[in-house]
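Each reported figure results from applying straightforward, stated rules to the coordinates on display, with no laboratory input. Worth saying up front: this structure is predicted, and the values here are computed from it rather than measured. With ideal geometry, Cβ positions are generated from the backbone for all residues, glycine too; neighbour counts draw on all protein chains shown.
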Amino acid sequence: MSTEEHHHHDESYAELRTKALESLLVEKGLIASNAIDDVVRTYEQDIGPMNGAKVVVKAWTDPEYKKRLLEEGTSAIEEVGFTGAQGAQIVVLENTDDIHNMVVCTLCSCYPWPVLGLPPSWYKSEAYRSRAVVEPRAVLKDFGLELDPAVNVRVWDSNSEIRYMVLPQRPSGTDGMTEEELIEIVGRDSMIGVAIVESPTIV
Ligand code: FE
């Protein structure tokens, strides 16, 4: 059995176990099934990506850290306290004026859990997985991101060994912001590379 097949076998087994556990808990009246959905959503949208946002802001505000992060992602991320399952090797890709990186897992749904939490459902969809490589700009457009044609788009295929995270560009007009305020504006999608971090609107 190849590594890939093995990897997939493990995933479906885990999924099966999860489903079995969930139905058992619901059946015994221990939890409502929407309670599980709420937890999953929280990990997808809030708790998970917050770790990545902290890493991004540290890189934006500490050039030495940024250097370490780009050279050795996994250990630099561990420095901030994030480590664990599905994060044995994390490679961080820097977006610049000329290069826009975006991440996909064409095989299944490999994703850097320690920094981004659980993958959103679109990341696991057949449409995203197949189109990201073939027509990345069209996919980005669907996400509302139209890049200058001069920008080079690079698509990275995650797998069970290497998982990628994008270091988005720091938007202009954010010089006076505190680290806490900066963390707030770094969205999950910018670390997958299907969005950029926007300058905060002045109120
Ligand atoms: Fe995968």
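Here are the numbers for this structure:
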| read-out | value |
| --- | --- |
| Label-point gap, in nm, between Ser75 and Ile99 - each point 7 angstrom along Cα→Cβ | 2.1 nm |
| Across the chain: Cys residues that no other cysteine approaches within a C-beta distance under 4.7 Å | Cys108 |
| In the chain, lysine pairs with alpha-carbon atoms under 15 angstrom apart (chain gap of 8 or more, or interchain) | 4 |
| Leu30-Thr106 pseudo-label distance in nm [points 7 Å out on the Cα-to-Cβ vector] | 4.1 nm |
| Exposed-site-free run, longest, the chain (rule: GluC sites (Glu not before Pro); DSSP loop; at most 13 other C-beta within 10 Å) | 1-145 |
| Gain upon complete extension [Thr61, Ser199; 0.36 nm per residue less C-alpha separation] | 48.1 nm |
| Relative contact order [Cα under 8 Å, 6+ residues apart], the chain, whole percent | 24 percent |
| Inter-centroid distance (Cα atoms) of the stretch 42-85 relative to the stretch 135-203, Å | 15 Å |
| Fully extended contour minus Cα-Cα distance, from Glu15 to Glu180, at 0.36 nm per residue | 55.8 nm |
| Relative exposure of Tyr128, Tyr65, Tyr164, judged by other C-beta atoms within 10 Å (fewest first) | Tyr65, Tyr128, Tyr164 |
| Stretch gain in nm, segment Thr42-Val91, where the contour uses 0.36 nm per residue and the Cα spacing is subtracted | 15.2 nm |
| Share of Cα-Cα pairs in the chain lying beyond 20 Å, as whole percent | 60 percent |
